[in-house]
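The block underneath contains the structure these notes are about, expressed in structure tokens.
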Amino acid sequence: MENEYIKLIFGLKLKQIRTGKSLSLFGLSKLTGLSKSYLNEIEKGKKYPKTDKIVLLADKLEVPYDSLVSLKLDKNLAPVGALLQSKVLKELPLHLFGIKEGDLIDIVANAPAKVNTFISTIIEIAKHYDFGKENFYLAALRSYQEANNNFFPDLETAVEQFAKAYHINLKKSVNAEELEEILVQEYGYTINNSDLTKYKELDNLRSVFVPKTKTLLIAGHIDDAQRTFIYAKELGYNFLNIAERLYTFTWIKFDNFDQVLNNFYASYFAGALIIPRKAFKQDLNKFLAKPQFDKTFLGGINKNYNASPESLYQRLTNILPTDYQLENLFFLRFGHKKRSNRFDLNKELHLTHQHSPRGNENDEMYCRRWVSIRVLQDIAKTDSEHQMDVQISHYPDSGLSYLIFSSATKDPFKEDEFRSVSLGIQVNAQLQKKVKFLNHPDIKRFDVGVTCNRCAIKDCEVRQAPPTLLQLAEKNTATESVVEALQKQFG
């Protein structure tokens, strides 16, 4: 354990024992002959006393020496001790948010009981939602993306530098062949297209990288767009000089936050390389200027860049806030199994604030009026390769409306399973100005909710569950009203 944490734990124990005996710092100073400022530094975890001073403190406080120097805290402060001993503060990406580790340590030292209560609450919430370390890392990453409007100029510049160094034309779509050549010739990779398919347990992986021999094993059933993204991501790891990284795609587990962050950096690099900013903006300008929504045009952009719909929609979350000042937007990815009634939200991103269409962890039924779900229902019926639609969703509770694009495709790794990706942009004056087809009558408009269990829309033809949570709230309100009347009547 690092020395600073040992000092902090000792300080927490000393303060706990002192306050338990109703002693002030001044009183403990008088009792031991040690200065008040010195004792204060110990309790804040900034100093660790020498052995003779610990013996003196143990004697005057009437506690065993071994108990005082033990790293074990009693049950009231055990969660704080577990937090410090786990080194989780070292793993938190504090620097990304401008927070110093010492600031948190001071908070813990100054109000350990309150911090303990807070930590215990967080732990209970995490258990209730099965929220593990990986979930926490991913949540921290989303916050980092949101704080930066999901746009990272350094990575955009790195892509331009890479393209210049390797003579890649960013005015047209890159292909897997030219990226593979750079991986092999420049970085010494060996591409293996056969062995990964031999293992049934790995059928959900697209690639595995073996660093010792620089062997990249590729799944046999991926399409050209997926292969291009894998190559671009590997080039990102190398060109950005990233050492702490994941070796499977998709990921199996994260060991630390650096792996999560670096995985994001490499993925961002890949998206910016496959869908170059300048060329993409030219196509996007043409699309947004059309007086009528052109479904085929958006599909054409997708093909122009040799990219999957998810890569395209993710790239829009980089470009729209920065270059078009459309900052209020969200990204959602759903999964769906054929002939089931489940639609699972497994990825989301919200920029500037938490928007109305959001994830729910209580196993409630998502609103079936969402275009994200409708395209999944349609593709499951038709078995087509790509289902795309657009709508304006209005949320009566918040009064907000969103223009939402959604695309559904087959899941290439799971039989009879599909996924949809959606991009929603809040309807406001800026959107009205930028999107010429926004008010075209062909774009469907729906009143929607988040989940059926919370939705107040009357006579909904696709409702999957009664609005039980609203009914409970109404009942509680009625109860409060009667109690208030009784208080007035008999008060």
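The number of residues in segment 440-468 being in contact (Cβ under 8 Å) with a residue 24 or more places away in the chain, farther than 22 Å from residue 406 by Cβ and either touching a His at 6+ places or on another chain (Cβ under 8 Å) or not small (Gly, Ala, Ser) (or both) comes to 1. Considering only residues in segment 242-285 that are of a type in the set (Ser, Thr, Tyr) and assigned to a helix (DSSP H, G or I), the one that is farthest from residue 315 (Cα to Cα) turns out to be 265. Taken over segment 184-211, the residue count meeting the criterion of being among the charged types (D, E, K, R), more than 25 Å from residue 265 (Cβ to Cβ) and either open to solvent by less than 30 Å² (accessible area, probe 1.4 Å) or not in a loop (DSSP other than H, G, I, E, B) (or both) is 4. Taking residue 332, is it in a strand (DSSP E or B), surrounded by fewer than 21 Cβ atoms within 10 Å (Cβ to Cβ) and modelled with pLDDT of 90 or more? Answer is no for this residue.
In segment 395-405, the qualifying residues are those that are hydroxyl-bearing (Ser, Thr, Tyr) and modelled with pLDDT under 95, and the one that is surrounded by the most Cβ atoms within 10 Å (Cβ to Cβ) is 395. Residues that are open to solvent by 50 Å² or more (accessible area, probe 1.4 Å), within 29 Å of residue 180 (Cα to Cα) and in contact with a strand residue (DSSP E or B) (Cβ under 8 Å, 6 or more places away or on another chain) within segment 265-306 are absent altogether. I'd like to verify a number: residues in segment 212-232 that are touching a Gly at 6+ places or on another chain (Cβ under 9 Å) and crowded, with 18+ Cβ neighbours inside 10 Å, how many? Total meeting the criteria: 2.
Considering only segment 339-353, I want to know if a residue exists there that is open to solvent by less than 60 Å² (accessible area, probe 1.4 Å), within 21 Å of residue 408 (Cβ to Cβ), in contact with a helix residue (DSSP H, G or I) (Cβ under 8 Å, 6 or more places away or on another chain) and of a type in the set (S, T, N, Q). Within segment 339-353, none of the residues are open to solvent by less than 60 Å² (accessible area, probe 1.4 Å), within 21 Å of residue 408 (Cβ to Cβ), in contact with a helix residue (DSSP H, G or I) (Cβ under 8 Å, 6 or more places away or on another chain) and of a type in the set (S, T, N, Q). Looking across segment 20-39, the residues that are assigned to a helix (DSSP H, G or I) and open to solvent by 70 Å² or more (accessible area, probe 1.4 Å) come down to 26, 30, 31, 36, 37. Of all the numbered requirements in (1) under 23 Å from residue 4 (Cβ atoms); (2) in a helix (DSSP H, G or I); (3) hydroxyl-bearing (Ser, Thr, Tyr), residue 48 misses one, and that requirement is (2).
Is there a residue being within 21 Å of residue 453 (Cβ to Cβ), in a strand (DSSP E or B) and open to solvent by 10 Å² or more (accessible area, probe 1.4 Å) anywhere in segment 374-387? No, every residue in segment 374-387 fails to be within 21 Å of residue 453 (Cβ to Cβ), in a strand (DSSP E or B) and open to solvent by 10 Å² or more (accessible area, probe 1.4 Å).
Within segment 433-453, does at least one residue satisfy the condition of being under 28 Å from residue 205 (Cα atoms), open to solvent by 30 Å² or more (accessible area, probe 1.4 Å), part of a loop (DSSP other than H, G, I, E, B) and among the basic types (Lys, Arg)? Checked against the condition, which is being under 28 Å from residue 205 (Cα atoms), open to solvent by 30 Å² or more (accessible area, probe 1.4 Å), part of a loop (DSSP other than H, G, I, E, B) and among the basic types (Lys, Arg), segment 433-453 yields no hits at all.
The values are calculated or read from the model by the stated rules, or taken from the named source; none is laboratory data. In this text, all values refer to a predicted model and were calculated from it rather than measured experimentally. Cβ sites come from the backbone with ideal geometry, for glycine too, and all protein chains shown count toward neighbours. Each accessible area value is taken on the protein alone, full model and side chains, heavy atoms only, with ligands, DNA and RNA left out. Shrake-Rupley method; radii C 1.70, N 1.55, O 1.52, S 1.80 Å.
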